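Let me begin by presenting the structure, written as structure tokens, before commenting on it.
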Amino acid sequence: MHDTAYAIGRSFFACYVQPEAAILEIGSMNVNGGLRDFCPAGSSYTGVDFTPGPGVDLVVEQVAKLPFDPGAFDAVVSSSAFEHDAMFWVTFLEICRVVKEGGYIYINAPSKGDYHCHPIDAWRFFPDSGVALCTWARLNGYHMTLLESFITQNDAEVWNDCVMIFGKRAYPPVTLVTDRHPNIMNVRIWPDIETVDRRVGRWP
């Protein structure tokens, strides 16, 4: 996991995830650090992936059919995985199913970067991606709200992150991830989610 993905994942957990939460990670294989590092005290953490390895609690054949009850998790997180999902929009609906009402979804996926197949590399995500996924969820009966989204500008490496945070009948906390990372661009913040702040900053 590259540096900004790791830092922003830490911020999401600090802002949105309470102690003793039930957390699910999609694409949980630990490669140079993982989101599990930020799991709050007393929480339960389940990591799923297609192959066994560090950070993987459960191997699944497809993420679009998860073996969990509806509303089983307080938070569902995924970092650097959606680009490898042939049908990420189907996976997103399954994530919406297993997150509870009042819960949150965190997705970090590349907005640019080199080709890297695990086992495929199919997608890059742009400023309207969060709005589109939210609309797709609502069309399929899930009351999702886009709470924050933005793109990072990573001058030191090939990656830019597209960060999207959703709530299922849930509202954002007092301190947002965007408050902790001012050097970002194409920012959307609830409730004025249609307005895009096109500020361009620099990561130090």
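From the list G9, G27, G71, which one is within 18 Å of G103 (Cβ to Cβ) and either of a type in the set (F, W, Y) or touching a Ser or Thr at 6+ places or on another chain (Cβ under 9 Å) (or both)?
Of the residues listed, the single one that is within 18 Å of G103 (Cβ to Cβ) and either of a type in the set (F, W, Y) or touching a Ser or Thr at 6+ places or on another chain (Cβ under 9 Å) (or both) is G9.
Can you name every residue in the stretch 178-198 that is crowded, with 20+ Cβ neighbours inside 10 Å and either free of Cβ contacts under 8 Å to residues at least 24 places away in the same chain or under 26 Å from E94 (Cβ atoms) (or both)?
R188
Could you count how many residues in the stretch 7-38 are among the hydroxyl-bearing types (S, T, Y) and either closer than 19 Å to L146 by Cα or surrounded by fewer than 17 Cβ atoms within 10 Å (Cβ to Cβ) (or both)?
Total satisfying the criteria: 2.
Inside the stretch 49-71, can you point out the residues that are closer than 18 Å to A137 by Cα and either among the small types (G, A, S) or surrounded by 14 or more Cβ atoms within 10 Å (Cβ to Cβ) (or both)?
Residues satisfying the conditions are V63, A64, L66, G71.
When you look at R124, is it more than 18 Å from C15 (Cα to Cα), without any contact (Cβ under 8 Å) to a residue 12 or more places away in the chain and not hydroxyl-bearing (S, T, Y), yes or no?
No, not satisfied.
Run W89 past the list (1) among the aromatic types (F, W, Y); (2) surrounded by 17 or more Cβ atoms within 10 Å (Cβ to Cβ); (3) farther than 21 Å from P173 by Cα and report the number of the one that doesn't hold.
(2)
Within the bounds of the stretch 147-167, is there any residue that is within 23 Å of L24 (Cβ to Cβ) and surrounded by fewer than 18 Cβ atoms within 10 Å (Cβ to Cβ)?
Taking every residue of the stretch 147-167 in turn, none turns out to be within 23 Å of L24 (Cβ to Cβ) and surrounded by fewer than 18 Cβ atoms within 10 Å (Cβ to Cβ).
Restricting attention to the stretch 1-20, which residues are assigned to a helix (DSSP H, G or I) and of a type in the set (A, V, I, L, M, F, W, C)?
A5, A7, I8, F12, F13, A14, C15
Yes/no matrix, rows are residues, columns are (1) out of contact with any His (no Cβ under 9 Å at 6 or more places or on another chain); (2) in contact (Cβ under 8 Å) with a residue 40 or more places away in the chain; (3) under 25 Å from A7 (Cβ atoms):
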{"residue": "S80", "(1), (2), (3)": "no, yes, yes"}
{"residue": "R97", "(1), (2), (3)": "yes, yes, no"}
{"residue": "I107", "(1), (2), (3)": "yes, yes, yes"}
{"residue": "H118", "(1), (2), (3)": "no, no, yes"}
{"residue": "L146", "(1), (2), (3)": "yes, yes, yes"}
{"residue": "N154", "(1), (2), (3)": "no, yes, yes"}
{"residue": "L176", "(1), (2), (3)": "yes, yes, yes"}
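Residue check: is P172 surrounded by 16 or more Cβ atoms within 10 Å (Cβ to Cβ) and either aromatic (F, W, Y) or under 16 Å from C15 (Cα atoms) (or both)?
yes
Can you work out which of the residues in the stretch 108-131 that are under 15 Å from I189 (Cα atoms) and modelled with pLDDT of 95 or more is surrounded by the most Cβ atoms within 10 Å (Cβ to Cβ)?
G130
Looking only at the stretch 171-195, count every residue that is under 19 Å from M144 (Cα atoms) and in contact with a Lys or Arg (Cβ under 9 Å, 6 or more places away or on another chain) and tell me the total.
Counting residues in the stretch 171-195 that are under 19 Å from M144 (Cα atoms) and in contact with a Lys or Arg (Cβ under 9 Å, 6 or more places away or on another chain) gives 3.
Please give the number of the condition I189 fails out of (1) modelled with pLDDT of 90 or more; (2) closer than 12 Å to F12 by Cβ.
Answer for I189: the failing condition is (2).
The values are calculated or read from the model by the stated rules, or taken from the named source; none is laboratory data. Source: prediction; values computed, not measured. Virtual Cβ from ideal backbone geometry, glycine too; neighbours counted across all protein chains shown.
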